[in-house]
Number of protein chains: 2
Amino acid sequence: MSVTYPLGFVASGVASGIKPSRRKDMALVATSDWHAAAAAATFTQNLAAAAPVVVSRQNLTASAGQVAAVLLTSGNANAATGVEGEAAAKHAVEALAAVAGVHPSQILICSTGLIGIPWPVEKALEGIPRAHGELAGGEEAGLSAAEAIMTTDTFAKTAVNEVGSVRFGGIAKGAAMIAPNMATMLAVVTTDAKATSEQLARVLGHAVEMSFNRITIDGCTSTNDTVVIMASGASRQELSDEELTAGVLAVCDSLASQIVFDAEGSTKLIRVTCTGAETEDDALAIARKVAESSLVKCSFFGKDPYWGRVISEVGTAGVDLDMTQVSVAYGGITVYANLVEMGYDREAVGRVMEGREIDLEVTVGDGAASATVITADLTPAYIAENMRTS
Amino acid sequence: MSVTYPLGFVASGVASGIKPSRRKDMALVATSDWHAAAAAATFTQNLAAAAPVVVSRQNLTASAGQVAAVLLTSGNANAATGVEGEAAAKHAVEALAAVAGVHPSQILICSTGLIGIPWPVEKALEGIPRAHGELAGGEEAGLSAAEAIMTTDTFAKTAVNEVGSVRFGGIAKGAAMIAPNMATMLAVVTTDAKATSEQLARVLGHAVEMSFNRITIDGCTSTNDTVVIMASGASRQELSDEELTAGVLAVCDSLASQIVFDAEGSTKLIRVTCTGAETEDDALAIARKVAESSLVKCSFFGKDPYWGRVISEVGTAGVDLDMTQVSVAYGGITVYANLVEMGYDREAVGRVMEGREIDLEVTVGDGAASATVITADLTPAYIAENMRTS
């Protein structure tokens, strides 16, 4: 189950023809009766924000955070496409609004795919009535929407959660160009909680900061990143900020981990945790520096516990540290402490390095703060996937 | 010619046995008569600075910038080796000082190679008398020293220059773990100018900032980076700061470019230039963000002029820009301007992408500031070289 798990939502996924392969490339997530639900969104901070990001920002403001549906397309990012790209995105939104009988400002739009190629709006216009016609509740419809936003993803990413009887659901797409400093992918989160758009904005900002902004694949921040949350209110229950955050964060955490697990060409998911820091910002800076290191990522691909590279990254994270207090552990086995390599069970560490998911822990002192950044290994397959667009 | 081109210097390169392969692994650059020459150095800013960096910093301070020789070893970085590593580096310096009859503080030491493995000081002690015995002037001796500091380098890096009748020479080693924010490799620059250590420090700092700190291979800053400059005074000529900088910078520029040209696994050298910025810091931030992008680097390996990724990096460089003013050119051919792809000669751009060296120019407005960062492409061979240490 996914976005259709909370009460009051329908979804669909169709092939509009934007992808020449004729695979599914258009998803729709809407409230069951097209009523405008409270919504919020976080968008890429890239100055080269794509046309759909520009249009969605405008609509979210114009509707005062009241959204009936999110239209998502894959195969072409509609980014770096100028004023024509923006007009095309608006045209698609208006077409959907006409079919559904709502105001265009109550529809958000997201696109993902290649940058710089004119967006085939005529294909989108063909697909929109079908996507509208196939809207349905239930597991299959949600999964179909998740499939329709995939690009180089190898599996559809879905998540659900409950807080009391309030439900949460989500879909996402990732693959490459995933970095911190914003949503860096597309995701739609739904809940049947009763909430205001202001509460959703507060909660989503925090949840994104703690989840999507703590994964990194290649340090690149995309032009199209968007996370949208909609609250149908169908459960008739209001939640505190803390409860709502817990509900949303679990969905975002799951989707974020799935994105790294499915990172382009990757063979390993690595959780880099920094503990013992003075502040959470320090812990995050250190974990991020290690997680973004090409050399560290190469070592994980080679199953090589080369802690020297980890130490080198820790020393250049821009955090003032007493290096005599730094230790490094793979899967709970400490390999470095007190400035030198420890005696340790090399076979046991070897088994840790064989794993599909690996915990790398860096302790930097006896401070109370910690942070985790999730990354993937760097592999020849990543390069093969990214060396040419065609 | 290289470090022995300026008057008053001798050099040597021998195999001490630090490298199990028995290839050359120990270089010595000294003044001809072992007199203490004015010297300066820039060191890594990594908090996990290696033992030789710690010892060289101490000696440079203790000798008030008066240095008779630099001992350089390859094959083992003597980094993350604790107090024993520091004692070993000091031991080697003292052994050389005894052989040469100078005070240990007049000798600097640099090491490069694997991190975290005890430094085989007994091998170094065997090599030192031989390195001392083989010291000579002339081209062959300088080249031998350049060869002895190679690790995964595929060719020895040397450079010379003249300002009037004052000579300059240099050797360097690079390969991987090259990033901005410090010297990020080993280099020794010599000159027969008459200079104080204070003038050398001023000039070297500026020259390193403009050369070695503007190349990037993988964004990683090593534990051992050191650039040393020594002035023998043998030409009896003093130069102004401007003249001395010009002389040193040309040597540093040449060595820095050679390091990128020989970057691990690379097939292309890419000069990323940002022009039209308001400030040089802005231009540098933009050029660096593009040059460090894994996705951009993958595209160059694939010979794909995927300007969309360039634009995306420009938009996340942390510089406030009017994106309507941004244009992108490959080899002088503009492919993107006014927010959209331009009509351009695709065959001509295809020929540019076939080149061993490529110019990528990003114009961001009509400001007067510009900056260039030199990088290499990201290839499967880089990963193969870095996935395992053994």
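Quick rundown of the values:
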quantity: Test result for residue A:268, more than 9 Å from chain B (Cβ to nearest Cβ), buried (at least 20 other Cβ atoms within 10 Å of the Cβ) and without any contact (Cβ under 8 Å) to a residue 40 or more places away in the chain; calculated: no
quantity: Index of the failed condition, residue A:8 passing every other in (1) under 16 Å from residue A:124 (Cα atoms); (2) touching a residue at least 40 places away in the same chain (Cβ under 8 Å); (3) small (Gly, Ala, Ser); calculated: (1)
quantity: Residues (out of contact with any Asp or Glu (no Cβ under 7 Å at 6 or more places or on another chain) and either surrounded by fewer than 23 Cβ atoms within 10 Å (Cβ to Cβ) or over 23 Å from residue A:369 (Cα atoms) (or both)) located in the range A:249-265; calculated: A:249, A:250, A:251, A:253, A:254, A:255, A:257, A:258, A:259, A:260, A:261, A:263
quantity: Subset tally (residues that are over 20 Å from residue B:344 (Cα atoms) and within 8 Å of chain A (Cβ to nearest Cβ)) for the range B:281-318; calculated: 11
quantity: Candidate set: the range B:214-232, residues that are farther than 21 Å from residue B:2 by Cα and either part of a helix (DSSP H, G or I) or among the small types (Gly, Ala, Ser) (or both); chosen: the one modelled with the lowest pLDDT; calculated: B:219
quantity: Condition broken by residue B:92, with the remaining ones in (1) part of a loop (DSSP other than H, G, I, E, B); (2) within 28 Å of residue A:339 (Cα to Cα); (3) over 17 Å from the mean Cα position of the chain (by Cα) satisfied; calculated: (1)
quantity: Any hit, the range B:71-82, residues being assigned by TED's automatic domain parsing to the domain that holds residue B:198, more than 20 Å from the chain's Cα centre (by Cα) and not in a loop (DSSP other than H, G, I, E, B); calculated: yes
quantity: Options A:321, A:339; residue that is on the phi > 0 side of the Ramachandran plot, facing another protein chain (nearest Cβ under 8 Å) and in contact (Cβ under 8 Å) with a residue 12 or more places away in the chain; calculated: A:339
quantity: Failed item in (1) at pLDDT 95 or above; (2) on the phi < 0 side of the Ramachandran plot; (3) touching a helix residue (DSSP H, G or I) at 6+ places or on another chain (Cβ under 8 Å); (4) not in a loop (DSSP other than H, G, I, E, B), with residue B:243 passing the rest; calculated: (3)
quantity: Among the candidates B:129, B:118, residue that is closer than 23 Å to residue B:4 by Cβ and surrounded by fewer than 19 Cβ atoms within 10 Å (Cβ to Cβ); calculated: B:129
quantity: Scope the range B:378-390; condition assigned to a helix (DSSP H, G or I) and surrounded by fewer than 21 Cβ atoms within 10 Å (Cβ to Cβ); matching residues; calculated: B:380, B:381, B:384, B:385
quantity: Condition check for residue A:56: within 28 Å of residue B:316 (Cα to Cα), touching a residue at least 40 places away in the same chain (Cβ under 8 Å) and either buried (at least 18 other Cβ atoms within 10 Å of the Cβ) or not assigned by TED's automatic domain parsing to the domain that holds residue A:195 (or both); calculated: yes
quantity: Options B:176, B:159: the member that is at pLDDT 95 or above and either within 14 Å of another protein chain (Cβ to nearest Cβ) or within 30 Å of residue B:237 (Cα to Cα) (or both); calculated: B:159
quantity: Subset of the range B:12-62 (residues that are touching a helix residue (DSSP H, G or I) at 6+ places or on another chain (Cβ under 7 Å) and within 14 Å of another protein chain (Cβ to nearest Cβ)); calculated: B:43, B:44, B:46, B:47, B:48, B:51, B:54
quantity: Filtered residue count, the range A:18-49, keeping only those that are in contact with a Phe, Trp or Tyr (Cβ under 9 Å, 6 or more places away or on another chain) and either buried (at least 21 other Cβ atoms within 10 Å of the Cβ) or closer than 22 Å to residue A:87 by Cα (or both); calculated: 7
quantity: Lone qualifier among A:256, A:277 - being under 30 Å from residue A:194 (Cβ atoms) and either of a type outside the set (Gly, Ala, Ser) or touching a strand residue (DSSP E or B) at 6+ places or on another chain (Cβ under 7 Å) (or both); calculated: A:256
quantity: For residue A:280: the one exception among (1) among the charged types (D, E, K, R); (2) crowded, with 24+ Cβ neighbours inside 10 Å; (3) within 30 Å of residue A:173 (Cα to Cα); calculated: (2)
quantity: Only one of B:157, B:173 that is farther than 20 Å from residue B:67 by Cα, among the charged types (D, E, K, R), buried (at least 21 other Cβ atoms within 10 Å of the Cβ) and out of contact with any Asp or Glu (no Cβ under 6 Å at 6 or more places or on another chain); calculated: B:157
quantity: Given (1) touching a residue at least 40 places away in the same chain (Cβ under 8 Å); (2) within 23 Å of the chain's Cα centre (by Cα), number of the condition residue B:101 does not satisfy; calculated: (2)
quantity: Within the range B:361-390, tally of residues that are hydrophobic (A, V, I, L, M, F, W, C), more than 8 Å from chain A (Cβ to nearest Cβ) and within 27 Å of residue A:296 (Cβ to Cβ); calculated: 4
quantity: Failed criterion for residue B:278 (all others in (1) more than 7 Å from chain A (Cβ to nearest Cβ); (2) in contact with a Ser or Thr (Cβ under 7 Å, 6 or more places away or on another chain) hold); calculated: (2)
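Quick grid of which residues meet (1) under 22 Å from residue B:159 (Cα atoms); (2) touching a Ser or Thr at 6+ places or on another chain (Cβ under 8 Å); (3) not charged (D, E, K, R):
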site	(1), (2), (3)
B:8	yes, yes, yes
B:15	no, no, yes
B:23	no, no, no
B:46	no, yes, yes
B:84	no, no, no
B:90	no, no, no
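Here is a yes/no grid of residues against (1) over 26 Å from residue A:281 (Cβ atoms); (2) touching a Lys or Arg at 6+ places or on another chain (Cβ under 9 Å); (3) not assigned by TED's automatic domain parsing to the domain that holds residue A:290:
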| site | (1), (2), (3) |
| --- | --- |
| A:330 | no, no, no |
| A:334 | no, no, no |
| A:337 | no, no, no |
| A:341 | yes, no, no |
| A:351 | yes, no, no |
| A:356 | yes, yes, no |
| A:359 | no, yes, no |
| A:367 | no, no, no |
| A:381 | yes, no, no |
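Residue by residue, here is whether (1) in contact with a Phe, Trp or Tyr (Cβ under 7 Å, 6 or more places away or on another chain); (2) touching a residue at least 40 places away in the same chain (Cβ under 8 Å); (3) not in a loop (DSSP other than H, G, I, E, B); (4) not aliphatic (A, V, I, L, M) holds:
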residue	(1), (2), (3), (4)
B:110	no, yes, yes, yes
B:117	no, yes, no, no
B:122	no, no, yes, yes
B:127	no, yes, yes, yes
B:132	no, yes, yes, yes
B:146	no, yes, yes, no
B:151	no, yes, no, yes
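The values are calculated or read from the model by the stated rules, or taken from the named source; none is laboratory data. In this text, all values refer to a predicted model and were calculated from it rather than measured experimentally. Counting neighbours? That spans all protein chains shown, and the Cβs are built from the backbone with ideal geometry, glycine included.
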